[in-house]
Amino acid sequence: MKPTKIGAKELRGHNPKSDLQVLKSKVKNLDFCHYTSLDALKKIIKNKEIWASSFETFNDSHERKLHEGNKRSFVFCVCCSKSEQIPLWYLYSGGTNGGRFRITPASLIKLIKSIKTVYPVINGIRDGERPMHLGIDFTVEFGWVYYSRGDGFVNHRTDNYIMGRRNLELFVKDNLYLKDYEWNYEKEFRIIVNFVRDVEFERIAIPLDTRLIADILLSPECDDGKVKKEDCFPDFKVSKSQIGCYITILSKYKEDIPDYLKALAEKADSTEEEIQLLKRVKDVVGNVTG
């Protein structure tokens, strides 16, 4: 289908941003799913909170560069798709043990409305002594990601568009919903918290009413028997993915793991995220390389 010619301002206006009524009209019959590791999912349920991250932590290097210096915006991402996305299991489930929680359109609206107070996350823990408040410290916006090829072609939800170079420059500038076209399988919807001034932390905790979660789906290779035995999610409908794929990425590269660990341990300017990654990999590496 031939892409529709469009201007930058008009296309950017396709996202609801802060208009909940517009969002309601666009989310009917959709599902919103957050893919993550099983440990992270347990923490979400136990602590009744989700984390939004700064662009500095993103795995998309182009997007990090696009928003370099942005110390105000924090993003919580969900996949807008009724079907499972195999790449998301690979990228975000943490190997064999992962899960996703699903929320309905009505629950998505309630979640956005509920964001009145957020907290900084310091060293992996919410700082409950430093609440920040909507309308005073931050604002909230939301919308779907645009996927750009860089030549004027842009995909947004189910539609394709084309614009000239000048419009493309205007479209890209300060666009918090922009990724390269190669990421379009993520079908990403974002909730963004924008602070009124720069902050120094990399993540924030957003309180979550876990009753908004419709159900939980475990990753294809997750040990669902163990999850049921440990009674990890007693108040939720839990099932296991029936996709027949293997996502044990660590086992595929087990010969490279010792060298990677050594290089990371010797790195003088390791970030806190890399230090935590090193600790996590060391915890599981024996099971992989043994």
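For segment 44-155, compute Rg over Rh where Rg is the Cα radius of gyration and Rh is the Kirkwood radius from the inverse mean 1/r over Cα pairs.
Details: Rg = 16.0 Å, Rh = 16.7 Å.
On the Cα set of segment 44-155, Rg over Rh gives 0.96.
For the chain, what does the helix formula give at 222 nm: sum of -39500 (n - 2.57) over DSSP H segments with n ≥ 4, over the residue count, nearest 500 deg cm²/dmol?
Numbers: 11 runs with 92 residues, N = 290.
Calculated mean residue ellipticity at 222 nm is -8500 deg cm²/dmol.
Can you give me the solvent accessible area of Trp51 with a 1.4 Å probe, rounded to the nearest 10 Å²?
Around 90 Å² of this residue is reachable by solvent.
Please build a GNM for the chain, connecting alpha carbons under 10 Å apart, and tell me which residue among Lys262, Lys28, Lys116 fluctuates the most.
Answer for the Gaussian network model of the chain: Lys262.
What is the gain in length, in nm to one decimal, between Asp39 and Ile243 on full extension, counting 0.36 nm per residue of separation less the C-alpha to C-alpha distance? Could you put the intermediate results ahead of the total?
Numbers: separation 204, 0.36 × 204 = 73.44 nm, distance 2.12 nm.
Once the chain is fully extended between Asp39 and Ile243, it gains 71.3 nm.
For Thr57, Thr104, Thr158, give me the order by solvent-accessible area with a 1.4 Å probe, most accessible first, ignoring ligands, DNA and RNA. Let's see the in-between values first.
Values: Thr57 20, Thr104 45, Thr158 125 Å².
The ranking, largest first, comes out as Thr158, Thr104, Thr57.
Just add up the charged neighbours of Ala106: K/R +1, D/E -1, any other residue whose Cβ is under 15 Å from the Cβ of Ala106. It would help to have the intermediate numbers written out before the result.
Details: positive: Lys24, Lys26, Lys28, Arg102, Lys110, Lys113, Arg211; negative: Asp31, Asp209, Asp215.
Summing Lys and Arg as +1 and Asp and Glu as -1 gives +4.
Kindly flag which residue pairs out of Lys28/Lys113; Lys110/Lys237; Lys113/Lys240; Lys43/Lys226; Lys42/Lys226; Lys43/Lys229 have an alpha-carbon separation exceeding 23 Å in this structure. Could you put the intermediate results ahead of the total?
Numbers: Lys28/Lys113 17 Å; Lys110/Lys237 20 Å; Lys113/Lys240 31 Å; Lys43/Lys226 17 Å; Lys42/Lys226 14 Å; Lys43/Lys229 18 Å.
Exceeds cut-off: Lys113/Lys240.
Determine by what factor the alpha-carbon radius of gyration of the chain differs from 2.2 N^0.38 Å, reporting the quotient. Kindly include the intermediate steps, with their values, before the conclusion.
Details: Rg = 19.7 Å, N = 290, 2.2 N^0.38 = 19.0 Å.
This ratio for the chain stands at 1.04.
Quick one: compute the contact order of the chain, relative version, from alpha carbon pairs under 8 angstrom and 6+ residues apart, as a percent.
On the way: 478 pairs, mean separation 73.6, N = 290.
In percent, rounded to a whole number, it is 25.
Given Cα pairs under 8 Å that are at least 6 residues apart, what percent is the relative contact order of segment 58-147?
Details: 30 pairs, mean separation 11.9, N = 90.
Reported relative contact order: 13 percent.
The values are calculated or read from the model by the stated rules, or taken from the named source; none is laboratory data. These figures come from a predicted structure and were not determined experimentally. Quick reminder, even Gly has a Cβ in these numbers, built from the backbone with ideal geometry, and neighbours come from all protein chains shown. For the accessible areas, the whole protein counts, side chains as well, though only heavy atoms, and no ligand, DNA or RNA atoms are used. Shrake-Rupley method; radii C 1.70, N 1.55, O 1.52, S 1.80 Å.
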